[in-house]
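Worksheet: one structure, shown below.
The values are calculated or read from the model by the stated rules, or taken from the named source; none is laboratory data. Keep in mind that what you see is a predicted model, and the values were worked out from it rather than measured. Methodologically, a virtual Cβ is constructed for each residue, glycine included, from the backbone with ideal geometry; neighbour enumeration extends over all protein chains shown.
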Amino acid sequence: MSKAYTGLLGRKVGMTQIYNSDNDQMSGVTVVDVTGNVVTAVKVAASKDGYNAIQLGIDDKKAKRTPRAEAGHFAKCDVKAKKFVRELRASAAAAAAATPGATLNAADFFKVGQLVDVVGTSKGRGFAGVMKRHNFRGFIRSHGTHEYFRHGGSIGTRLTPGMVLKGKKMPGHMGAARTTIQNLKVVRIDAERGLVFVKGGVPGPNGGYVMIRAAVKGKR
């Protein structure tokens, strides 16, 4: 990956299957379209920002749907307003070398065999019970159990401290949250079409926005 940046933004195209170079092993891969990445801002520690980062954006946004504050922000680097904007931390040298308005490509950042982390928003599942949301096993299904098969059980703590503890696993909204899948391997790069193939699944629906960045932990 380029020393100047730590990742790119993209759109999840979907999943498919590909064979390795020897055609003896097949892997399920997710295809991510990373075309259209534009640098929308550069932040350096020496300025009032206080840290080094590169801000990227993809997909043009209609002017009538862009607030004035956002329009002014994009006008500074002379680019059209973007729908999906994210910030990636960078080194001091990388931030100094970055140019607002520059277009970035997949071939400049990724290589086959590299480990990456993919960040996206998981699919929303609506309101879910404890069995679906937290993998509770449910109650016994013997005689005498009446309409209690999928309940969560007691949530109290008796008299001390006499409250429901924070973090208690209970029914609630499931999904639609920021999710990171770590250490996915890049198995193929289509530089001409701007596609990156990563082994395994990534969060979100087809067409959803994701962020691909260099693996933070790598394999232990």
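Just the residues that are in a loop (DSSP other than H, G, I, E, B) and surrounded by fewer than 13 Cβ atoms within 10 Å (Cβ to Cβ), please, taken from the stretch 171-210. Result: Ala177, Ala191, Glu192, Arg193, Pro205, Asn206, Gly207. Out of everything in the stretch 54-83 that is closer than 15 Å to Arg11 by Cβ and of a type in the set (Lys, Arg), what residue ends up being farthest from the chain's Cα centre (by Cα)? Restricting to residues being closer than 15 Å to Arg11 by Cβ and of a type in the set (Lys, Arg), the top hit is Lys61. Remark: pairs (first residue in the stretch 30-54, touching a residue at least 12 places away in the same chain (Cβ under 8 Å); second residue outside any strand (DSSP E or B) and among the hydroxyl-bearing types (Ser, Thr, Tyr); Cβ separation under 7 Å; 6+ apart in sequence or on different chains) = Val39/Thr99; Lys43/Tyr51; Ala45/Tyr51; Asn52/Ser91; Ile54/Tyr5.
Condition check ((1) hydrophobic (A, V, I, L, M, F, W, C); (2) buried (at least 16 other Cβ atoms within 10 Å of the Cβ); (3) under 17 Å from the mean Cα position of the chain (by Cα)) across all residues:
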{"residue": "Gly7", "(1), (2), (3)": "no, yes, yes"}
{"residue": "Gln17", "(1), (2), (3)": "no, no, no"}
{"residue": "Asp22", "(1), (2), (3)": "no, no, no"}
{"residue": "Thr30", "(1), (2), (3)": "no, yes, yes"}
{"residue": "Asn37", "(1), (2), (3)": "no, yes, yes"}
{"residue": "Ser47", "(1), (2), (3)": "no, no, no"}
{"residue": "Asn52", "(1), (2), (3)": "no, yes, no"}
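Can we say Tyr51 is closer than 26 Å to Thr121 by Cβ and among the hydroxyl-bearing types (Ser, Thr, Tyr)? Against the criterion (closer than 26 Å to Thr121 by Cβ and among the hydroxyl-bearing types (Ser, Thr, Tyr)), Tyr51 qualifies.
In the stretch 78-96, the qualifying residues are those that are loosely packed, with under 14 Cβ neighbours inside 10 Å and not in a helix (DSSP H, G or I), and the one that is modelled with the lowest pLDDT is Ser91.
Just one of the listed residues (Ala75, Ala45) is out of contact with any strand residue (DSSP E or B) (no Cβ under 8 Å at 6 or more places or on another chain), part of a loop (DSSP other than H, G, I, E, B), farther than 29 Å from Phe197 by Cβ and assigned by TED's automatic domain parsing to the domain that holds Glu192, namely Ala45. Here Thr99 does not fit the description of being touching a residue at least 24 places away in the same chain (Cβ under 8 Å), in a strand (DSSP E or B) and of a type in the set (Ser, Thr, Tyr).
Could we say that Arg11 is at pLDDT below 95, within 21 Å of the chain's Cα centre (by Cα) and at negative phi here? Criteria not met by Arg11.
Residues of the stretch 124-167 that are of a type in the set (Lys, Arg), part of a loop (DSSP other than H, G, I, E, B) and surrounded by 10 or more Cβ atoms within 10 Å (Cβ to Cβ): Arg125, Arg150.
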